[in-house]
Amino acid sequence: MSRGRFRYLFSLLMLLTFVIGTAMPVSASDFSERAGSMAKVSGVRVGATGSRVRVVIDATKPVEYKTMVLKEPGRIIIDIKGAWLDPGVARETPIGSRFASKVRVGQYDPETVRVVVHSEVKKENFAVFGFAGEEIPYRVVMDFGKLGGTDEYGSGDEIAQADPNRPADDEKDEAGEKETAAKPEPEPKSDDDNNDDDKDNEDEKKSDPKKTLPGLKGKKIAIDPGHGGCDPGAIGPTGATEKSVTLRISLEVKKLLEAAGAKVIMTRTTDVEVSPKKENASDIEELQARCDIANKAKADVFVCIHMDSFSSREARGTTGYYYSKGTASSRRLASLVQSSVVRYLNTQSRGAKSCNFYVVRKTRMPATLVEIAFLSNPSEEKLLTTAAGVKKAAQGVADGIAEFFKK
C-alpha cells in the first residue's frame, strides 16, 4: 500500500471515529448530572424608558461572563459560562429604543449561553454588572443609554418581564420546547408559631364586608402597589402590565378600607417610581423608599400587591408571602389575605409561604406580599384586566385585612 493511500485511509478512519463518537447519545442521567452542576438561565427580561434600556439575565446561581463589542451592525455580546438555557425563554425580543433595537439569546455551545443586544451606543453609554438577589439567585444586568454618570445600579427587579422569560442568540438560534411545569415554590420554613396563627381559613364562606370591615376603624394600613414608572413589572400575553393591574387593585382596596374607617397609606397612587431618585434609583433604594413610607407612618400592617408570572402560561393561582424570620402575626396576615383573595377570585390556592423579600423584611409591622394571580396566564390576565376582576381582587385583600383585625 502506498504511503499516500495509507494517509488517506487513516484520515478517513479518524473522521469516522469522530463522527460515530460524537453521535453517541447522552444518557438522561449524564445530562441531568451535567446540567445540575451548571447555572440555568431562566429568563431574560427587558425594560425601557426614554433615557435607558435595561436587559436582565436571570440565573439560578452565580455565573462568570465575558463581554464583547462588535460593529457593523453594532452588537453587545454577553457569553455566560457554565450555563444552559431554559427552553421556555423566548429567543428574540424587540426593544424598539434608540439605545437598543432588540435582544436575542441562545445556547452558543454546550456550556455557554450567548446574549446579544443590538445597539450602536458608545462605550460610556452601556454598563454590565452582576448582582446576587433573593428570589432570583443571580442576575447579569445590562444598562444602555443615559447612565447618569453613576456606577450604582439596581438588581434588575425594577425592569419588566417582556414575556415572562425571554430573548435570543447570535450565530445560533436553537428552538426549544416551552416549559410546562408550575412555578417552583419555596417550601415554608418550620417555626414554633402558634397553630392558631397558621390557619388558612380556606373552608370558610365568603366574609360579609358589612360584618368584618367595621373592625378596621382607626387602623393604619399601608398598601404598596408593586412596580411603577420605568418598571412595568410582568407583561401579560395581551400586553397588560403588572404595574397597572396592581395600581388599579390597590386604589380599589384603598376605597374599601377608607369606607370602613381605616387610614390608608399608599406608597404610590399614580404610575411613578416611589424613590425620590425616580428611574435613577437602585433596586434597594426603590424598595427601601416603600418601606420608609410605611415605617414613618407607623402603619399597623403592610400589604404589598403583585401579580405573578412564569415562562409557562399554564401556571396559575394566588400566593401569599411572609418574612421567614418574621412574627406569627405576619404569617397570619399572609394566610388570611391569600385565602380571602382565593375565595373572591376562585383562583387556585398556592398557599402562604415564607420568603426573604425586601419589603416584608424591612417593614416594622406585620407584613405580607400577595401575588394575586399569574399575569402570564391568559385567563387570569383577562380576569384581572376587567373591572369586575379588579373589584373582586380588591375585596379579597380588604376582607383578609379585616379578618386580621377581627377579634
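Is the C-alpha gyration tensor of region 274-356 telling us rounded, prolate or oblate? Criteria: a/c under 1.5 is rounded; beyond that, a/b larger than b/c is prolate, otherwise oblate. Taking the square roots of the gyration eigenvalues as a ≥ b ≥ c, region 274-356 is oblate. Computed over all pairs of different Cα atoms, the Kirkwood value for the hydrodynamic radius of region 313-407 is 13.4 Å.
Among 119-125, 272-278, the peptide with the highest mean count of other Cβ atoms within 10 Å heads the list, and the full ranking is 272-278, 119-125. Ranked by the mean number of other Cβ atoms within 10 Å per residue, highest first, peptides 222-230, 84-92, 263-271 order as 222-230, 84-92, 263-271.
Sequentially through region 232-248, phi angles give Karplus couplings (6.51, -1.76, 1.60; θ = phi - 60°) of x, x, 5, 10, x, x, 9, x, 5, 9, 4, 4, 6, 5, 5, 5, 4 Hz, Gly and Pro residues having no value and appearing as x. For residue 231, the accessible surface of its heavy atoms amounts to roughly 10 Å² (probe 1.4 Å, protein chains only, rounded to the nearest 10).
Let a ≥ b ≥ c be the square roots of the eigenvalues of the Cα gyration tensor of region 208-314; is it rounded (a/c under 1.5), or, if not, prolate (a/b larger than b/c) or oblate? Oblate, because a/c is 1.5 or more while a/b does not exceed b/c.
Protection proxy ranking of 331-340, 394-403, 245-254, by the mean of other Cβ atoms within 10 Å over each peptide's residues and highest first, is 331-340, 394-403, 245-254. Modelled spin labels at residue 272 and residue 123, positioned 7 Å past Cα toward Cβ, are 3.9 nm from each other. Per-residue surface analysis assigns residue 383 an accessible area of about 50 Å², computed on protein heavy atoms at 1.4 Å probe radius.
The distance linking region 361-407 with region 241-307 is 13 Å (Cα centroid to Cα centroid, whole angstrom). Other residues with beta-carbon under 9 Å from the beta-carbon of residue 261 carry, at +1 per Lys or Arg and -1 per Asp or Glu, a net charge of +2. Among the listed pairs 61/362; 123/296; 40/296, those whose Cα-Cα separation exceeds 30 Å are 123/296; 40/296.
The values are calculated or read from the model by the stated rules, or taken from the named source; none is laboratory data. This one's a predicted model, so the numbers in the text were calculated from it and none came from an experiment. Glycine gets a Cβ as well: all are built from the backbone with ideal geometry, and neighbour counts include every protein chain shown. When the accessible area is computed, the model is the full protein with side chains, heavy atoms only, and any ligands, DNA or RNA have been set aside. Shrake-Rupley method; radii C 1.70, N 1.55, O 1.52, S 1.80 Å.
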